[in-house]
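Working notes, beginning with the structure itself.
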Amino acid sequence: MTGGKAMDVSRARSALRGWGGVAVMAVLCAPALAFVLLLPCTQQAPDDARQAGQKTVTGTQARADGCVDAEAHERTPAPSGADGPTIDAIKARTGAKRKLIVGVDQNSYRWGYRNPNTEGAQLEGFDIDLVHRIAEDILGDPDAVQFKAIPTNQRIPAIEDGRVDMVVRTMTITCGRLEHVAFSAPYFKTGQQILAPKSSPITGYDASLAHKKVCTAAGSTALAKLEADKKGGRLPATTDLSTTVPNQLDCLVRLQLGEVDAVVTDGALAASQAAQDPTVELKGAPFTTEYYGVAMKKDAGDLVRRVNRVLVDYRAHGWQTSYDDWLSATLGKDSAASKPPAPQYRRSS
(Lines give C-alpha, C1' and ligand atoms only; values in the text may rest on other atoms or scores of the structure.)
Protein backbone atom coordinates (compact mmCIF):
# COMPACT_ATOMS: atom_id res chain seq x y z
CA MET A 1 0.00 0.00 0.00
CA THR A 2 1.37 3.41 -0.91
CA GLY A 3 1.82 6.14 1.69
CA GLY A 4 -1.07 8.14 0.21
CA LYS A 5 -3.45 5.20 0.30
CA ALA A 6 -2.40 4.33 3.83
CA MET A 7 -3.13 7.88 4.88
CA ASP A 8 -6.58 7.70 3.23
CA VAL A 9 -7.39 4.55 5.20
CA SER A 10 -6.19 6.22 8.40
CA ARG A 11 -8.41 9.20 7.74
CA ALA A 12 -11.39 6.96 7.05
CA ARG A 13 -10.78 5.11 10.30
CA SER A 14 -10.68 8.28 12.36
CA ALA A 15 -13.54 10.00 10.54
CA LEU A 16 -16.07 7.25 11.07
CA ARG A 17 -17.06 5.75 14.37
CA GLY A 18 -19.21 2.91 15.61
CA TRP A 19 -21.09 0.91 13.01
CA GLY A 20 -19.97 3.21 10.21
CA GLY A 21 -16.35 2.50 11.02
CA VAL A 22 -17.01 -1.24 10.91
CA ALA A 23 -18.59 -0.84 7.49
CA VAL A 24 -15.69 1.17 6.14
CA MET A 25 -13.05 -1.24 7.35
CA ALA A 26 -15.01 -4.14 5.90
CA VAL A 27 -14.80 -2.51 2.48
CA LEU A 28 -11.20 -1.44 2.80
CA CYS A 29 -9.82 -4.62 4.29
CA ALA A 30 -11.74 -7.63 2.98
CA PRO A 31 -14.71 -8.24 0.70
CA ALA A 32 -15.32 -11.40 2.69
CA LEU A 33 -16.48 -9.22 5.56
CA ALA A 34 -19.36 -7.80 3.54
CA PHE A 35 -21.88 -9.85 5.43
CA VAL A 36 -20.49 -8.70 8.76
CA LEU A 37 -21.47 -5.07 8.14
CA LEU A 38 -24.39 -5.68 10.31
CA LEU A 39 -25.06 -3.81 13.37
CA PRO A 40 -24.25 -1.84 16.32
CA CYS A 41 -24.85 -3.78 19.39
CA THR A 42 -28.10 -1.76 17.72
CA GLN A 43 -47.19 14.73 -13.20
CA GLN A 44 -46.47 16.96 -14.69
CA ALA A 45 -42.94 17.31 -15.89
CA PRO A 46 -41.24 20.56 -14.91
CA ASP A 47 -40.14 22.99 -17.59
CA ASP A 48 -36.42 22.64 -16.89
CA ALA A 49 -33.94 20.70 -14.83
CA ARG A 50 -33.73 23.42 -12.19
CA GLN A 51 -37.29 22.53 -11.14
CA ALA A 52 -36.76 18.79 -11.43
CA GLY A 53 -38.23 16.67 -8.70
CA GLN A 54 -39.89 19.49 -6.76
CA LYS A 55 -43.22 17.69 -6.94
CA THR A 56 -43.93 14.20 -5.73
CA VAL A 57 -43.83 11.91 -8.73
CA THR A 58 -45.02 8.32 -8.76
CA GLY A 59 -44.37 6.04 -11.70
CA THR A 60 -47.70 4.83 -13.11
CA GLN A 61 -46.82 3.99 -16.67
CA ALA A 62 -49.10 1.29 -18.07
CA ARG A 63 -47.68 -1.74 -19.82
CA ALA A 64 -49.10 -3.43 -22.90
CA ASP A 65 -51.00 -5.90 -20.71
CA GLY A 66 -52.65 -3.07 -18.79
CA CYS A 67 -50.50 -3.45 -15.70
CA VAL A 68 -49.77 -0.19 -13.87
CA ASP A 69 -46.98 -0.12 -11.30
CA ALA A 70 -49.08 1.79 -8.78
CA GLU A 71 -51.70 -0.97 -8.98
CA ALA A 72 -49.43 -3.98 -9.49
CA HIS A 73 -50.03 -5.11 -5.91
CA GLU A 74 -53.65 -5.88 -6.82
CA ARG A 75 -52.69 -8.61 -9.30
CA THR A 76 -52.59 -11.55 -6.90
CA PRO A 77 -54.95 -14.54 -6.48
CA ALA A 78 -57.36 -14.79 -3.56
CA PRO A 79 -56.23 -16.62 -0.41
CA SER A 80 -56.58 -20.37 -0.07
CA GLY A 81 -55.51 -22.91 2.51
CA ALA A 82 -55.44 -25.76 0.01
CA ASP A 83 -52.24 -27.58 -0.92
CA GLY A 84 -51.03 -27.98 -4.48
CA PRO A 85 -48.00 -29.26 -6.40
CA THR A 86 -45.59 -26.60 -5.10
CA ILE A 87 -46.59 -27.06 -1.47
CA ASP A 88 -46.65 -30.85 -1.86
CA ALA A 89 -43.05 -30.75 -3.10
CA ILE A 90 -42.00 -28.67 -0.10
CA LYS A 91 -43.74 -31.05 2.32
CA ALA A 92 -42.19 -34.07 0.58
CA ARG A 93 -38.70 -33.04 1.65
CA THR A 94 -37.42 -35.41 4.28
CA GLY A 95 -35.17 -35.24 7.31
CA ALA A 96 -33.06 -32.15 7.73
CA LYS A 97 -34.06 -30.99 4.25
CA ARG A 98 -37.74 -30.68 5.19
CA LYS A 99 -37.58 -26.92 5.32
CA LEU A 100 -38.94 -23.90 3.52
CA ILE A 101 -36.08 -22.36 1.52
CA VAL A 102 -36.30 -18.59 1.66
CA GLY A 103 -34.14 -15.84 0.19
CA VAL A 104 -33.62 -13.00 2.65
CA ASP A 105 -31.30 -10.15 3.47
CA GLN A 106 -28.89 -10.49 6.36
CA ASN A 107 -27.60 -6.92 6.31
CA SER A 108 -30.76 -4.79 6.62
CA TYR A 109 -31.06 -3.58 10.18
CA ARG A 110 -34.50 -4.31 11.66
CA TRP A 111 -35.64 -6.10 8.48
CA GLY A 112 -33.33 -9.06 8.00
CA TYR A 113 -29.99 -9.01 9.79
CA ARG A 114 -27.72 -11.18 11.89
CA ASN A 115 -27.78 -10.02 15.47
CA PRO A 116 -24.26 -10.45 16.90
CA ASN A 117 -25.68 -10.34 20.42
CA THR A 118 -27.50 -13.65 19.98
CA GLU A 119 -26.09 -17.15 20.02
CA GLY A 120 -24.96 -18.02 16.52
CA ALA A 121 -25.78 -14.48 15.31
CA GLN A 122 -29.40 -15.33 14.64
CA LEU A 123 -31.30 -13.74 11.76
CA GLU A 124 -33.86 -11.26 13.06
CA GLY A 125 -36.16 -8.53 11.81
CA PHE A 126 -39.57 -7.73 10.36
CA ASP A 127 -39.12 -9.86 7.25
CA ILE A 128 -37.73 -12.73 9.29
CA ASP A 129 -40.79 -12.76 11.55
CA LEU A 130 -43.00 -13.17 8.48
CA VAL A 131 -40.87 -16.05 7.17
CA HIS A 132 -41.28 -17.92 10.47
CA ARG A 133 -45.05 -17.46 10.31
CA ILE A 134 -45.22 -18.85 6.75
CA ALA A 135 -43.05 -21.85 7.69
CA GLU A 136 -45.26 -22.58 10.69
CA ASP A 137 -48.37 -22.60 8.51
CA ILE A 138 -46.94 -24.82 5.77
CA LEU A 139 -44.68 -27.17 7.74
CA GLY A 140 -46.04 -26.82 11.27
CA ASP A 141 -42.74 -25.50 12.61
CA PRO A 142 -41.74 -21.82 12.57
CA ASP A 143 -38.07 -22.83 12.58
CA ALA A 144 -38.34 -25.18 9.60
CA VAL A 145 -36.58 -22.64 7.41
CA GLN A 146 -33.37 -22.67 5.41
CA PHE A 147 -32.37 -19.05 5.01
CA LYS A 148 -30.31 -18.03 2.00
CA ALA A 149 -28.72 -14.59 1.85
CA ILE A 150 -29.63 -13.11 -1.54
CA PRO A 151 -28.17 -9.83 -2.90
CA THR A 152 -30.66 -7.25 -4.14
CA ASN A 153 -29.83 -7.93 -7.79
CA GLN A 154 -30.22 -11.72 -7.38
CA ARG A 155 -33.73 -11.88 -5.96
CA ILE A 156 -35.49 -12.76 -9.21
CA PRO A 157 -32.77 -15.10 -10.55
CA ALA A 158 -32.80 -17.02 -7.27
CA ILE A 159 -36.53 -17.68 -7.69
CA GLU A 160 -36.37 -18.49 -11.39
CA ASP A 161 -33.42 -20.86 -10.88
CA GLY A 162 -35.20 -22.71 -8.08
CA ARG A 163 -32.56 -21.87 -5.48
CA VAL A 164 -35.31 -20.68 -3.14
CA ASP A 165 -39.03 -21.30 -2.70
CA MET A 166 -39.66 -17.61 -2.12
CA VAL A 167 -37.97 -14.31 -1.41
CA VAL A 168 -38.97 -12.19 1.58
CA ARG A 169 -36.59 -9.27 1.24
CA THR A 170 -38.22 -5.82 1.12
CA MET A 171 -39.13 -6.53 -2.52
CA THR A 172 -41.44 -4.06 -4.23
CA ILE A 173 -44.25 -5.39 -6.41
CA THR A 174 -43.91 -3.96 -9.94
CA CYS A 175 -45.26 -4.75 -13.37
CA GLY A 176 -41.80 -5.54 -14.68
CA ARG A 177 -41.13 -8.03 -11.91
CA LEU A 178 -44.53 -9.65 -12.40
CA GLU A 179 -43.28 -10.75 -15.81
CA HIS A 180 -40.76 -12.99 -14.06
CA VAL A 181 -42.21 -13.91 -10.66
CA ALA A 182 -45.51 -14.03 -8.79
CA PHE A 183 -46.18 -11.93 -5.72
CA SER A 184 -48.32 -12.34 -2.67
CA ALA A 185 -50.63 -9.58 -1.55
CA PRO A 186 -48.64 -6.69 -0.05
CA TYR A 187 -47.45 -6.87 3.52
CA PHE A 188 -45.89 -3.40 3.78
CA LYS A 189 -46.31 0.05 2.23
CA THR A 190 -43.41 2.46 1.75
CA GLY A 191 -41.92 4.90 -0.77
CA GLN A 192 -38.57 5.98 -2.19
CA GLN A 193 -36.63 8.59 -0.23
CA ILE A 194 -33.28 10.37 -0.18
CA LEU A 195 -30.66 9.54 2.45
CA ALA A 196 -27.75 11.97 2.80
CA PRO A 197 -25.40 13.41 5.43
CA LYS A 198 -27.06 15.80 7.85
CA SER A 199 -24.63 18.49 6.73
CA SER A 200 -25.51 18.03 3.04
CA PRO A 201 -27.26 20.84 1.12
CA ILE A 202 -29.49 18.20 -0.48
CA THR A 203 -33.10 18.88 0.53
CA GLY A 204 -34.91 15.96 -1.10
CA TYR A 205 -35.86 14.60 -4.50
CA ASP A 206 -35.52 17.96 -6.18
CA ALA A 207 -33.15 20.36 -7.93
CA SER A 208 -30.67 20.04 -5.05
CA LEU A 209 -29.56 16.74 -6.64
CA ALA A 210 -27.97 18.63 -9.53
CA HIS A 211 -24.26 17.78 -9.86
CA LYS A 212 -24.63 15.20 -7.09
CA LYS A 213 -23.61 11.54 -7.25
CA VAL A 214 -26.43 9.21 -6.19
CA CYS A 215 -26.05 5.54 -5.26
CA THR A 216 -28.70 2.86 -5.83
CA ALA A 217 -28.80 -0.92 -5.88
CA ALA A 218 -28.67 -2.65 -9.26
CA GLY A 219 -32.06 -4.08 -10.17
CA SER A 220 -33.87 -1.88 -7.64
CA THR A 221 -37.02 0.17 -8.19
CA ALA A 222 -35.01 3.20 -7.05
CA LEU A 223 -32.60 2.90 -9.98
CA ALA A 224 -35.43 2.39 -12.47
CA LYS A 225 -37.24 5.45 -11.13
CA LEU A 226 -34.19 7.71 -11.23
CA GLU A 227 -33.22 6.63 -14.75
CA ALA A 228 -36.75 7.23 -16.03
CA ASP A 229 -37.02 10.63 -14.34
CA LYS A 230 -33.64 11.75 -15.61
CA LYS A 231 -34.56 10.72 -19.13
CA GLY A 232 -37.93 12.46 -18.82
CA GLY A 233 -36.49 15.70 -17.46
CA ARG A 234 -37.94 15.27 -13.99
CA LEU A 235 -34.48 14.95 -12.46
CA PRO A 236 -31.54 17.32 -13.11
CA ALA A 237 -29.56 16.23 -16.14
CA THR A 238 -26.33 16.61 -14.15
CA THR A 239 -27.34 14.08 -11.48
CA ASP A 240 -24.81 11.23 -11.60
CA LEU A 241 -26.49 7.80 -11.38
CA SER A 242 -23.43 5.76 -12.33
CA THR A 243 -22.85 4.25 -8.88
CA THR A 244 -24.80 1.01 -8.50
CA VAL A 245 -24.09 -1.83 -6.08
CA PRO A 246 -25.26 -5.45 -5.70
CA ASN A 247 -26.61 -4.89 -2.18
CA GLN A 248 -28.46 -1.77 -1.14
CA LEU A 249 -26.53 -1.51 2.13
CA ASP A 250 -23.34 -1.05 0.10
CA CYS A 251 -24.66 2.39 -0.83
CA LEU A 252 -24.51 3.45 2.81
CA VAL A 253 -20.87 2.40 2.89
CA ARG A 254 -20.18 4.47 -0.23
CA LEU A 255 -21.89 7.41 1.45
CA GLN A 256 -19.80 7.01 4.59
CA LEU A 257 -16.62 6.88 2.50
CA GLY A 258 -17.60 10.09 0.72
CA GLU A 259 -17.72 8.35 -2.65
CA VAL A 260 -21.34 9.45 -3.25
CA ASP A 261 -23.47 12.37 -2.10
CA ALA A 262 -26.75 10.58 -1.50
CA VAL A 263 -28.53 7.25 -1.47
CA VAL A 264 -31.98 6.56 -2.89
CA THR A 265 -33.86 3.61 -1.47
CA ASP A 266 -37.15 2.71 0.19
CA GLY A 267 -37.86 5.06 3.07
CA ALA A 268 -38.42 2.09 5.37
CA LEU A 269 -34.88 0.86 4.71
CA ALA A 270 -33.38 4.34 4.76
CA ALA A 271 -34.86 5.01 8.20
CA SER A 272 -33.16 1.91 9.57
CA GLN A 273 -29.87 2.95 8.00
CA ALA A 274 -30.19 6.39 9.58
CA ALA A 275 -30.63 4.59 12.91
CA GLN A 276 -27.32 2.80 12.26
CA ASP A 277 -25.41 5.98 11.43
CA PRO A 278 -26.35 9.19 13.28
CA THR A 279 -24.45 11.33 10.76
CA VAL A 280 -27.06 10.75 8.01
CA GLU A 281 -30.75 11.51 7.73
CA LEU A 282 -33.76 11.29 5.42
CA LYS A 283 -34.10 14.31 3.15
CA GLY A 284 -37.57 15.33 2.00
CA ALA A 285 -40.75 13.30 1.74
CA PRO A 286 -41.21 9.97 -0.07
CA PHE A 287 -41.64 10.51 -3.80
CA THR A 288 -43.21 7.17 -4.74
CA THR A 289 -45.68 4.72 -3.24
CA GLU A 290 -44.53 1.11 -3.18
CA TYR A 291 -45.69 -2.18 -1.72
CA TYR A 292 -43.56 -5.09 -0.53
CA GLY A 293 -44.70 -8.59 -1.38
CA VAL A 294 -43.46 -12.16 -0.99
CA ALA A 295 -42.04 -13.25 -4.36
CA MET A 296 -42.44 -16.81 -5.70
CA LYS A 297 -42.28 -18.67 -9.02
CA LYS A 298 -44.84 -17.61 -11.59
CA ASP A 299 -46.39 -21.08 -11.77
CA ALA A 300 -46.54 -21.56 -7.98
CA GLY A 301 -50.17 -20.52 -7.73
CA ASP A 302 -50.93 -22.80 -4.80
CA LEU A 303 -48.04 -21.35 -2.80
CA VAL A 304 -49.06 -17.78 -3.62
CA ARG A 305 -52.62 -18.44 -2.44
CA ARG A 306 -51.34 -20.10 0.71
CA VAL A 307 -49.08 -17.16 1.56
CA ASN A 308 -52.02 -14.83 0.96
CA ARG A 309 -54.03 -16.89 3.46
CA VAL A 310 -51.17 -16.64 5.96
CA LEU A 311 -51.11 -12.87 5.47
CA VAL A 312 -54.82 -12.59 6.26
CA ASP A 313 -54.17 -14.13 9.67
CA TYR A 314 -50.89 -12.29 10.13
CA ARG A 315 -52.43 -8.85 9.60
CA ALA A 316 -54.89 -9.59 12.40
CA HIS A 317 -52.49 -11.37 14.73
CA GLY A 318 -48.76 -10.76 14.54
CA TRP A 319 -48.08 -7.96 12.06
CA GLN A 320 -48.53 -5.14 14.57
CA THR A 321 -46.40 -6.85 17.20
CA SER A 322 -43.60 -7.33 14.69
CA TYR A 323 -43.88 -3.70 13.55
CA ASP A 324 -43.72 -2.45 17.14
CA ASP A 325 -40.73 -4.67 17.89
CA TRP A 326 -38.64 -3.76 14.85
CA LEU A 327 -39.85 -0.66 13.03
CA SER A 328 -41.79 1.69 15.30
CA ALA A 329 -38.58 3.19 16.69
CA THR A 330 -37.52 4.41 13.24
CA LEU A 331 -40.83 4.80 11.38
CA GLY A 332 -43.10 5.90 14.25
CA LYS A 333 -46.04 4.34 16.05
CA ASP A 334 -48.66 6.35 14.16
CA SER A 335 -47.05 6.83 10.74
CA ALA A 336 -48.57 5.84 7.40
CA ALA A 337 -46.39 2.73 7.50
CA SER A 338 -47.56 1.64 10.95
CA LYS A 339 -50.56 -0.36 9.69
CA PRO A 340 -50.59 -3.25 7.20
CA PRO A 341 -51.87 -2.40 3.70
CA ALA A 342 -55.28 -3.75 2.77
CA PRO A 343 -55.08 -6.51 0.15
CA GLN A 344 -56.73 -6.21 -3.27
CA TYR A 345 -57.04 -9.52 -5.10
CA ARG A 346 -57.48 -9.90 -8.85
CA ARG A 347 -60.99 -10.72 -9.98
CA SER A 348 -60.05 -13.67 -12.16
CA SER A 349 -57.66 -16.43 -11.18
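If you scan the range 322-340, which residues turn out to be modelled with pLDDT of 95 or more and either over 20 Å from the mean Cα position of the chain (by Cα) or basic (Lys, Arg) (or both)?
Correct list: Lys339 only.
Name every residue in the range 265-316 that is in a loop (DSSP other than H, G, I, E, B) and touching a Gly at 6+ places or on another chain (Cβ under 6 Å), in order of residue number. Before the answer, list the steps.
Keep residues of the range 265-316 that are in a loop (DSSP other than H, G, I, E, B), which gives 277-279, 284-289, 293-294, 298-300.
Of everything in the range 265-316, those that are in a loop (DSSP other than H, G, I, E, B) and touching a Gly at 6+ places or on another chain (Cβ under 6 Å) turn out to be Asp277, Gly284, Pro286, Thr288, Thr289.
Please tell me if Ala217 is modelled with pLDDT under 95, under 22 Å from Val263 (Cβ atoms), open to solvent by less than 20 Å² (accessible area, probe 1.4 Å) and of a type outside the set (D, E, K, R).
Values: modelled with pLDDT under 95: yes; under 22 Å from Val263 (Cβ atoms): yes; open to solvent by less than 20 Å² (accessible area, probe 1.4 Å): yes; of a type outside the set (D, E, K, R): yes.
Here the answer is yes, as Ala217 does meet what is asked.
Could you tell me how many of the residues in the range 140-192 are over 17 Å from Ile128 (Cα atoms), open to solvent by less than 10 Å² (accessible area, probe 1.4 Å) and of a type in the set (S, T, N, Q)?
Result for the range 140-192: 1.
Can you tell which of Leu282, Leu257 is more than 19 Å from Gly191 (Cβ to Cβ), surrounded by fewer than 22 Cβ atoms within 10 Å (Cβ to Cβ) and out of contact with any Pro (no Cβ under 8 Å at 6 or more places or on another chain)?
Numbers: Leu282 fails: more than 19 Å from Gly191 (Cβ to Cβ).
None of the others qualify; the one that does is Leu257.
If I go through the range 76-105 residue by residue, how many of them are part of a loop (DSSP other than H, G, I, E, B) and either acidic (Asp, Glu) or touching a strand residue (DSSP E or B) at 6+ places or on another chain (Cβ under 7 Å) (or both)?
Restricting attention to the range 76-105, the residues satisfying the condition of being part of a loop (DSSP other than H, G, I, E, B) are 76-84, 92-94, 98-99, 105.
If we keep only those that are either acidic (Asp, Glu) or touching a strand residue (DSSP E or B) at 6+ places or on another chain (Cβ under 7 Å) (or both) too, we end up with 76, 83, 99, 105.
Summing the residues that are part of a loop (DSSP other than H, G, I, E, B) and either acidic (Asp, Glu) or touching a strand residue (DSSP E or B) at 6+ places or on another chain (Cβ under 7 Å) (or both) in the range 76-105 gives 4.
Of the residues that sit in the range 317-336 and are farther than 24 Å from Val102 by Cα and in a helix (DSSP H, G or I), which one is most open to solvent (accessible area, probe 1.4 Å)?
Ala336
Can you give me the number of residues within the range 124-158 that are under 16 Å from the mean Cα position of the chain (by Cα) and of a type in the set (A, V, I, L, M)?
Of the residues in the range 124-158, 7 are under 16 Å from the mean Cα position of the chain (by Cα) and of a type in the set (A, V, I, L, M).
The values are calculated or read from the model by the stated rules, or taken from the named source; none is laboratory data. Keep in mind that this is a model prediction, so the values were computed, not measured. Reconstructed Cβ throughout: ideal geometry from the backbone, glycine too, with neighbour counts over all protein chains shown. Please note that ligands, DNA and RNA were not included when accessible areas were found on the heavy atoms of the full protein model with its side chains. Shrake-Rupley method; radii C 1.70, N 1.55, O 1.52, S 1.80 Å.
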